[in-house]
Each structure stands twice: as structure tokens, then as C-alpha cells.
Amino acid sequence: MSHATEEAIPSWLNKKFFEDLLRKHDKDSNLSVINLKLADVTGKGEHYASVMWRASVEVKTAKSAVEKRSYVVKSVYEDPTKSSMFAMYGIYQREIEMYEKVSVEIGKILKSIGDNTQLFPKSIYHDYEKEVLVFEDLALRGFRNIDRRIRLDLTQAKMVMEKLAKMHAATVVLNEKQPGYFSHFNTGIFNRKATAFVDFFVQHLDIFIDELSSWPDHKQYKPKLQKLRENLNERASQVYDPSKDFMNVLNHGDLWTNNIMFTFDDKNNATDLLFVDLQFSCWTSPTVDFLYFAHNSLKEDIRQTKLAEIIQHYHTHLCELLRKMNSKIKIPSLRELHMMLLEKEFMAFIAGVMMQPIMMVEDSANADMDNLISDSDASIQFKRNLYRNPKTQVALKYLLPYLDQRGILD
């Protein structure tokens, strides 16, 4: 068995583990695993909340000769410091529930209107105790990520909105059929109960405020940002609070380039997509997903000029789906959807100012959780460099005045 390059392979992740789960999955008690190779696919700068391995498995079944298969295994960090931080948010248990139960119910609701769309990868195994998921290997079907530094174009963004509308609409109907179904999906990345990441984000904001000293045309924002940092967690938590006046849905919760996998035709045009990493799914306004996605994942010119077009595209599909599903909810008008965006627009600050620099990191060799949560001199310099990235500076030099003019920094 080959060794993963970054995270040590847990002792339980071995041939017997795969033999047991595949015998159950295939309903073949004679299945045997002949060979197993594991490779770490948690590339630096690509994933932060968990570790993943690609498992190349050779199996022999009663009906065949040796057969080669590939799966992706997702698990928690073995490091207790990192695993305990994420465990505070309950994200591993939540993601297992998303695949075991919620995705199945979403699929049933879509099929009820004649829609066989797949939104998520297929999970073939889960373990709540070990907090492990095993998935189909999407690479075998041609799915891959778009480079997070290049980001998505308008066509790709509209494709995301179409599938996001399906997820959102189906969860509205699921909650109507089973009131309170999502009541425990109540902790987003920011919340008042789990605050392990608050200091981390405040530190990032402090570094950005300091970096603004060298931005001659943007120094005027420093006092507002210094005041904002004092109440950062409460303002951010309010973003994740369910809306009292408008519709709520189950949000993906971490919708950015690396959590969307596409297929492409021979001309490199995107043809399909699936959502992955459902760890932070939460019940709140659908605009939280939109704002998070828009300020982490769109090409800069698209973000600056096409947001209204993209949100209208989402709205059109959402309304059509809710009507087809015979939802009893008051479907928001396009104008109301824009009011919902304004209600939650602090998410544009969270995503654009504090998260986007991490997601556009060029120094991927040092982009890992250790560097992000550390306060060492090397870690501080790494975070400074995030805000010195030319692409990040272009984005933020547009975003800061935009948010200020809309009152978001007050």
C-alpha cells in the first residue's frame, strides 16, 4: 500500500476496511481485495476542513476476474487540534447526514416532477463513529474542478445557479412536508455557539487593515474596518440567522469553485456539474449561498458587471421549480429577492474580504490549516502575502468602495 504524501493514513484504512464495505455494497460475501493503493488528494490550497484519499482497489468477485475500481475516502484530521476545531461545528456528522438522508430526499422530490438530475456524488459508505464517507470517484466520469485562481465565467455561473435552484427548491418542499426537518442545521461558518474560527478571522482582518496603510486610495476605510472588527462575529452570525421576513432554504454553505466539479465537452465547454463538500450546509436565506459564491468564485469582470443577470437567472429557475413542486410558500418576486440580498449582504464582506484571499492563494506550498490557524511569524507573513496577491488587490479595491457605498461597512 502506497503512502499518502501529506496526512498519515489511519491504521483502519486498509484492505480489510474496503473488503468489508464492498462485500456489503456489492452483496457479495466472496469478494476479496487483492491490492490497495492510497494517494492523498487533499492538495494544499484546495481543501481545509478534512482530508481525502483516492483509493485504487483491485477486487476479485465470484463473477469476474480481478477488477480495478477507484473511490474517494473523506475523513477527519488525525491531528486532535485541527479535528476538535471542526468537530465543534458538527460538520462531519452533518455531511454524513446530508449524503445518507437529505440528498436522498432531495432526489425523490426532483423525481416527483420528472427531474432525474444528480446534484451530488454518490456515497457508497458512511460511518458516523469514525466520521468517514466513501464516494464514487468522480474523476472516472470526467468531473474535475476549474482552477480556483481562474474562477468561473458567466455560462458556468448560470449552470451553478440552475442546480442550486434545484437544491434550494427541493429543500423548501421537504421542510413543508416535514416541518422542522432542518431545525438542527443551524450552525453556519459563523454562529454564536461555535466560535473556534473567530480569532482566526479577526487576525486576518487585522492583517488586512494593516496592509491598507500601503494602499493610498483606500486608507479611508481603515477606521470603519477597525470598528467593524469589534462586532465581527455577531454581524457575521446574523448573516446565518434564518430570515424572519423571507423564504429560507437549505444552503450548501460552502459554495465556491473547489466545491463544484464540472464535466466538459471536446471544446472545453462545461456540460454538467455536481456539488461536493456539504459540511457547512445550513438553513437560512438562499442569498447566503449566492453572495458567498459570487464573491469567491466569479471572474472579476463577471462579478463587477453580471451579478444582477445571474441572480435573475437563479430566480427564474427557482420560481419555476417551486410551482412545479406545488410549494405552498410565498414565492419571492425578483424585487423581493434583491431585498433579501441586501438583508444578508454582509456575506459579501465575509466572503470577499476574509475568505477570497485564502481561496485565491498563489503560495499553495504553504496553504494548509497549520499556517492558517497559527500565529507564528511565518504564518503572519503568509497571511500578509494573501493580501499582496495582485488578483486579490484588484478584487478588494473594487469591493471595498462598493460595500461602503451600500452601507455594509457602517
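A straight line joining the Cα centroids of the range 17-33 and the range 246-261 runs 34 Å. Dividing the alpha-carbon radius of gyration of the range 265-410 by the rule-of-thumb value 2.2 N^0.38 Å gives 1.23. For the range 248-280, chymotrypsin sites (Phe, Trp or Tyr not before Pro) are listed when DSSP marks them as loop and at most 16 other Cβ atoms sit within 10 Å of their Cβ; the list is empty.
Charges were assigned to the Cβ only: +1 to each Lys and Arg, -1 to each Asp and Glu. The resulting dipole of the chain about its Cα centre is roughly 940 debye. In the context of the full set of protein chains, the chain has a per residue accessible area of 43 Å² (1.4 Å probe).
Each residue, THR195 and GLU162, gets one label point 7 Å from its Cα in the Cβ direction; the gap between the two is 4.4 nm. Separation of the range 341-405 and the range 284-306 by C-alpha centroid, Å? A separation of 15 Å, based on Cα centres.
Computed from the Cβ-Cβ distance with R0 of 35 Å, the FRET efficiency linking GLN381 to ASP410 stands at 0.65.
Of the cross-linked pairs LYS74/LYS101; LYS63/LYS130; LYS227/LYS397; LYS60/LYS101, those separated by over 25 Å at the C-alpha level are LYS63/LYS130; LYS60/LYS101. Accessible area of the chain with a 1.4 Å probe: how many percent of it is carbon plus sulfur? Result for the chain: 49 percent of the exposed heavy-atom area is carbon or sulfur. Across the chain, the longest piece that holds none of the GluC sites (Glu not before Pro) lying in DSSP loops with up to 13 other C-beta atoms within 10 Å covers 231-410. For the chain, the mean residue ellipticity at 222 nm estimated from helices alone is -13000 deg cm²/dmol, where every DSSP H run of n ≥ 4 contributes -39500 (n - 2.57) and the total is divided by all residues, rounded to the nearest 500. The long axis of helix 154-177 is offset from the longest Cα principal axis of the chain by roughly 80 degrees.
Can you give the angle from 0 to 90° between the axis of helix 377-388 and the longest principal axis of the chain, with both taken from C-alpha atoms, to the nearest 10? Compared with the principal axis, the helix lies near 70 degrees. For LEU250, the amide hydrogen comes within under 5 Å of the amide hydrogens of THR171, VAL172, counting only partners 5 or more places away or on other chains and with H modelled in the peptide plane. Full extension of the chain between ASP363 and LYS122 gives 83.5 nm of extra length, using 0.36 nm per residue less the Cα-Cα distance. Hull volume per residue, based on the alpha-carbon atoms of the chain and their convex hull, is 152 Å³. Given LYS163/LYS193; LYS111/LYS177; LYS177/LYS306, which pairs have Cα atoms separated by over 26 Å? Those over the limit are LYS163/LYS193; LYS177/LYS306. Which shape class, rounded, prolate or oblate, goes with the range 252-293 when its Cα gyration tensor gives a ≥ b ≥ c as root eigenvalues, a/c under 1.5 marks rounded, and past that a/b bigger than b/c marks prolate? Since a/c reaches 1.5 and a/b is larger than b/c, the shape of the range 252-293 is classed as prolate. For the chain, the longest principal axis of the Cα atoms and the long axis of helix 15-26 meet at an angle of about 80 degrees. Potential lengthening of the chain between GLU105 and GLU230 amounts to 40.9 nm, from the contour at 0.36 nm per residue minus the alpha-carbon distance.
Net charge of the neighbourhood of LYS397, taken over other residues with C-beta under 15 Å away and scored Lys/Arg +1, Asp/Glu -1, is 0. Centre-to-centre, using Cα atoms only, the range 149-217 and the range 92-148 are separated by 19 Å.
The values are calculated or read from the model by the stated rules, or taken from the named source; none is laboratory data. All figures in this text were calculated on a predicted structure; none of them were measured in a lab. Don't worry about glycine lacking a Cβ; one is built from the backbone with ideal geometry, like all the others, and counts go over all protein chains shown. Note: accessible area is taken over every heavy atom of the protein model, side chains too, but ligands, DNA and RNA are not part of it. Shrake-Rupley method; radii C 1.70, N 1.55, O 1.52, S 1.80 Å.
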